[in-house]
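Below is one structure, written out as structure tokens, with a few remarks after it.
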Amino acid sequence: MDKKQLESLRHSCSHVMAQAVKELWPDVKVAIGPAIENGFYYDFERKDPFTVDDLKKIEKAMRRIIQDKPKLVQSLMPKKEAVEFFRNQDEVYKVELIESLEDEKVSIYQTGDGFLDLCKGPHVDHAGEIKAFKLFSVAGAYWRGDETKQMLQRIYGTCFPTEKELKEYLVMLEEAKKRDHRKLGPQLDLFNFYQEEAGAGLVFYHPAGAMLRRIIEDYIKDENVKHGYDLVQTPNILKGKLWETSGHSDYYRENMYYFDVDNQEYAVKPMNCPGHILIYKSKTRSYRDLPIRLFELGTVYRHEKTGVLHGLLRLRGFTQDDGHIFCREDQIKEEVISVIDFVFEVMKTFGFNNYEIELSTRPEKFIGEVEDWEIATKALEQSLKEKKIEYQINEGEGAFYGPKIDIKLKDAIGRSWQCATIQCDFALPERFKMTYVNEEGKEKKPIMIHRAVLGSVERFFGTLIEHYAGAFPLWLAPTQVAIIPIREEHQAFARQIKEDLQTNGFRVIIDTGNETLNKKIRENSIKKIPYLMILGDKEVETKQVAVRKRGGNQTSMAFNVLVEQLKKEVVQKI
């Protein structure tokens, strides 16, 4: 079953769920119920909260509906008639949706002889095609994501073509719970959110988390320099007029933070592109100078709705590993291929080897000329084909200024994570009147390629936590070695070992607590530190060290042998 067929199956399952809810509780009002990645949901207004027992009742009612194999039939209803129908049903959310549509007729789906729902489809032919489903949980969701509107109850579920696939997914979900970065982050003392005191969607890195972040950032900076990028830094606030020129004021304003300074409008930057454009424009550029590659770890802020915030994966403040390539049209393919290779190289280093690639095309709302969009899209597509990379096309899902390639990582348990992106942009160079001098001495417009390898440092941080379940390889571990002296008289030797390890470039702590040895070993193991070093009388006397590698047994070895082993692991990034 392909992606579109699976979406239809899940969308159909959400309709059946809504029908079951209405049969069980006729007074409940229904809102929307789309298919989403890995499942579906439906939003309801109900006075009493849905319980775990309610979900079981709904599943039972769904099975009863499915057993009769009712057809899901589409019809077109005049808008005025549809408003009247749903108003008589007291379905206020459906009425609001219909009134917001411009079409003279609206699409209605009927399940069997009963449930009618506003929906453009598509759906399966009949509900009997729904073989394996499961309802998971209930969460709050504001109507249309607007915090000023009614809070609804959102029931989440999933659906698969077979019971086998469903069972495999449920096993994966259990493993995913153990890996949840929102749980492991505070548990490993990496970061936390102080929402009540500081606000939603903002992250505070604790020392261990700040160290891991530094390792990631230092690595990606060095790699960008190796790949021919010049490091730049741009301000966090810029005049509002700049965002009018870029198009963000028209297409993105609701996600931006605006304020006044000296009677002039400013905005906190949601993206780094305009700053890099100003640097490009700071002097005359020749065709011989191109491509020019600029890179910045730029912190941006976006006004995301509270309901969509999700740990490190969806924040209001985050840092992008943002690169922009300014090139000639004949250089696009070569530069895009170079970025793809760069992404694969970096991801392999971090332990990712499987990907999903998507090519997203022109959306309904866009800037620039259609002809330029076609050239840009073709260039991206040719790059993928030349690399013999399989990809899916996402119609209409490009950025407002250009088509894009998205590279999704597959983690250790098979989940996809959106990180790297490559976007080809003819529009912003035109709007900012960017030029270079060509071979004939004439001014010509450059092409702008937006690219991020990690996506954002925060999202990638969360991805790493879940990929490794917090048990990072030695080169990434915030603390690489924990030294545990058995008694106080062993602490002097522990300090000497610590100094020697630090001299060799390792990140080390000494556990000087008063707990028992077993408790110290257990607590440091919970922190997922790669190496524990236990020092007692024997170690002081022989000048050897007792080492316990994470997940392994305790062994004794000469200190210099251990140092070489650690260095090898770090260099090989294993």
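The values are calculated or read from the model by the stated rules, or taken from the named source; none is laboratory data. It should be emphasised that the depicted structure is a prediction, and the values quoted were computed from it without experimental measurement. Positions of Cβ are backbone-derived with ideal geometry, glycine not excepted, and every protein chain shown enters the neighbour counts.
Here GLU196 meets each of (1) in a helix (DSSP H, G or I); (2) over 23 Å from SER8 (Cα atoms); (3) assigned by TED's automatic domain parsing to the domain that holds ASP53 with one exception, condition (3). Here is the figure for segment 408-434: residues that are surrounded by fewer than 22 Cβ atoms within 10 Å (Cβ to Cβ), in contact with a helix residue (DSSP H, G or I) (Cβ under 6 Å, 6 or more places away or on another chain) and of a type in the set (Gly, Ala, Ser) total 1.
Identification of helices (runs of 4 or more DSSP H) wholly contained in segment 429-526 with 3 or more residues that are in contact with a Cys (Cβ under 9 Å, 6 or more places away or on another chain) yields 457-468.
Taken as a whole, the structure places VAL92 among residues that are over 31 Å from the mean Cα position of the chain (by Cα), β-branched (Val, Ile, Thr) and within 18 Å of PRO26 (Cα to Cα). For segment 141-165, a residue qualifies if it is touching a residue at least 60 places away in the same chain (Cβ under 8 Å) and either farther than 15 Å from SER14 by Cβ or among the aliphatic types (A, V, I, L, M) (or both), and the qualifying residues are ALA141, TYR142, TRP143, GLY145, ASP146, GLU147, GLN150, LEU152, ILE155, PRO161.
Residues of segment 244-292 that are in a strand (DSSP E or B) and within 25 Å of the chain's Cα centre (by Cα): TYR257, ALA267, VAL268. The strands (runs of 3 or more DSSP E) found wholly in segment 60-168 and carrying at least 1 residues that are closer than 30 Å to THR306 by Cβ and acidic (Asp, Glu) occupy 116-118.
Restricting GLU96, GLU102, GLU129, GLU91 to residues that are surrounded by 13 or more Cβ atoms within 10 Å (Cβ to Cβ), without any contact (Cβ under 8 Å) to a residue 12 or more places away in the chain, out of contact with any Pro (no Cβ under 6 Å at 6 or more places or on another chain) and not hydrophobic (A, V, I, L, M, F, W, C) narrows the list to GLU96.
Pairs meeting the criteria (first residue in segment 496-521 and assigned by TED's automatic domain parsing to the domain that holds GLN565, second residue of a type in the set (Gly, Ala, Ser) and part of a loop (DSSP other than H, G, I, E, B), beta carbons under 8 Å, at least 6 apart or on different chains) are ARG507/ALA477; LYS520/GLY513. What residue, among those in segment 37-59 that are among the β-branched types (Val, Ile, Thr) and in a helix (DSSP H, G or I), is surrounded by the most Cβ atoms within 10 Å (Cβ to Cβ)? Of everything passing the filter in segment 37-59, ILE58 is surrounded by the most Cβ atoms within 10 Å (Cβ to Cβ). When segment 248-301 is filtered for residues that are small (Gly, Ala, Ser), buried (at least 19 other Cβ atoms within 10 Å of the Cβ) and in contact (Cβ under 8 Å) with a residue 60 or more places away in the chain, only GLY298 remains. Looking across segment 362-375, the residues that are assigned to a helix (DSSP H, G or I) and either charged (D, E, K, R) or exposed (fewer than 14 other Cβ atoms within 10 Å of the Cβ) (or both) come down to VAL370, GLU371, ASP372, GLU374. Per this entry, GLU147 is not counted among residues that are modelled with pLDDT under 95 and out of contact with any helix residue (DSSP H, G or I) (no Cβ under 7 Å at 6 or more places or on another chain).
Checking each residue in segment 435-449 for being surrounded by fewer than 23 Cβ atoms within 10 Å (Cβ to Cβ) and out of contact with any Leu (no Cβ under 8 Å at 6 or more places or on another chain) picks out THR435, VAL437, ASN438, GLU439, GLU440, GLY441, LYS442, GLU443, LYS444, LYS445. Taking every residue in segment 166-193 that is closer than 11 Å to ALA469 by Cβ and without any contact (Cβ under 8 Å) to a residue 12 or more places away in the chain and pairing it with any residue that is β-branched (Val, Ile, Thr) and not in a helix (DSSP H, G or I), at least 6 positions away or on another chain, yields no pair with a Cβ-Cβ distance below 6 Å. Applying the set (1) of a type outside the set (A, V, I, L, M, F, W, C); (2) under 22 Å from GLN491 (Cβ atoms); (3) within 32 Å of the chain's Cα centre (by Cα) to LYS528 leaves exactly one unmet item: (2). Criterion first (charged (D, E, K, R), in contact with a helix residue (DSSP H, G or I) (Cβ under 6 Å, 6 or more places away or on another chain) and either modelled with pLDDT of 95 or more or assigned to a helix (DSSP H, G or I) (or both)) does GLU539 satisfy it? The answer is no for GLU539.
Can you find even one residue in segment 393-407 that is charged (D, E, K, R) and surrounded by 19 or more Cβ atoms within 10 Å (Cβ to Cβ)? Yes, there is a match, as at least one residue in segment 393-407 is charged (D, E, K, R) and surrounded by 19 or more Cβ atoms within 10 Å (Cβ to Cβ).
Considering LYS408, LYS385, LYS378, the condition of being more than 19 Å from HIS450 (Cα to Cα) and outside any loop (DSSP other than H, G, I, E, B) is satisfied by LYS385 alone. Scanning segment 179-196 for residues that are modelled with pLDDT of 95 or more, more than 13 Å from LEU313 (Cα to Cα) and of a type in the set (D, E, K, R) turns up ARG179, LYS183, ASP189. When LEU359 is tested against (1) in contact with a Phe, Trp or Tyr (Cβ under 7 Å, 6 or more places away or on another chain); (2) free of Cβ contacts under 8 Å to residues at least 60 places away in the same chain; (3) outside any strand (DSSP E or B), just one condition goes unmet, and that condition is (3).
With respect to being among the hydrophobic types (A, V, I, L, M, F, W, C) and assigned by TED's automatic domain parsing to the domain that holds ASP218, LEU464 fits the description. Filtering segment 302-315 to residues that are touching a Leu at 6+ places or on another chain (Cβ under 9 Å) and surrounded by fewer than 21 Cβ atoms within 10 Å (Cβ to Cβ) leaves ARG302, GLU304, LEU309.
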